[in-house]
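Heads up: the structure comes next, in structure tokens.
Where a number appears in this text, it was derived from the coordinates with a stated rule and is not lab data. No experiment lies behind these values; they were computed from the predicted model shown. Every residue, glycine among them, receives a Cβ derived from its backbone with ideal geometry; neighbour counts consider all protein chains shown.
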Amino acid sequence: MTKTRQRKQNLLTARAIEATKEAGRYSDGNGLYLVVRDGGSRQWTFLYRREGKLKEMGLSSPAKGVTLAMARDRRNEARAILAGGRDPLEARRQSEQANLRHSHVRRLCSRPR
């Protein structure tokens, strides 16, 4: 019988996030990181490998109201896309392009004639 290594997850707490002042990358597990920059800005990122390359996907910022729970949800959505064989960054770009085209068509249709 072989043992599988369990990855640690949910390592961060809301209190620890607020208290963290030192610049660095802090792992919550399963690819979710809180990146604290020298100036004090913070950003949630998701790190993953695709076709042998390490990729980083921004998941927004605590300053914009994205909580730890929301960041975990976004990470889980990205992991689900990855498990389905697609690149989560590419999926997001395609979604944004579709939304942009849809809003452009709506604007054209709503113009007075």
Next on the checklist: Assuming 0.36 nm per residue, please report the length gained on full extension of the stretch ALA63 to ASP38 beyond their Cα-Cα distance.
Outcome noted: 7.5 nm
Item to check | Cα lying deepest toward the dipole's positive end in region 14-109, options GLY84, GLY40, ALA98, charges on Cβ | outcome: ALA98
Checklist outcome for this item: With +1 at each Lys and Arg Cβ and -1 at each Asp and Glu Cβ, the charge dipole magnitude of region 14-109 around its Cα centre, to the nearest 20 debye, comes out at 240
Item to check | Vicinal HN-Hα couplings computed from phi for region 87-101 (Karplus, 6.51 cos²θ - 1.76 cosθ + 1.60; Hz; Gly/Pro x) | outcome: 7, x, 5, 5, 4, 5, 4, 5, 5, 5, 5, 5, 5, 5, 4
Checklist entry - What residues qualify as long-range amide H neighbours of ARG50, i.e. H under 5 Å apart, gap of 5 or more or another chain, H built at 1.01 Å from N? => result LYS55
Item to check | Compactness of region 14-109, expressed as Rg and Dmax over alpha-carbon positions, Å | outcome: 15.7, 51
Checklist entry - Within straight cross-link reach of LYS8, meaning Cα distance under 18 Å, which aspartates and glutamates are found once same-chain residues fewer than 8 apart are removed? => result ASP28, ASP73
Checklist entry - Spin-label point model (7 Å from Cα, Cβ direction): what's the ALA91 to GLN9 distance in nm? => result 1.5
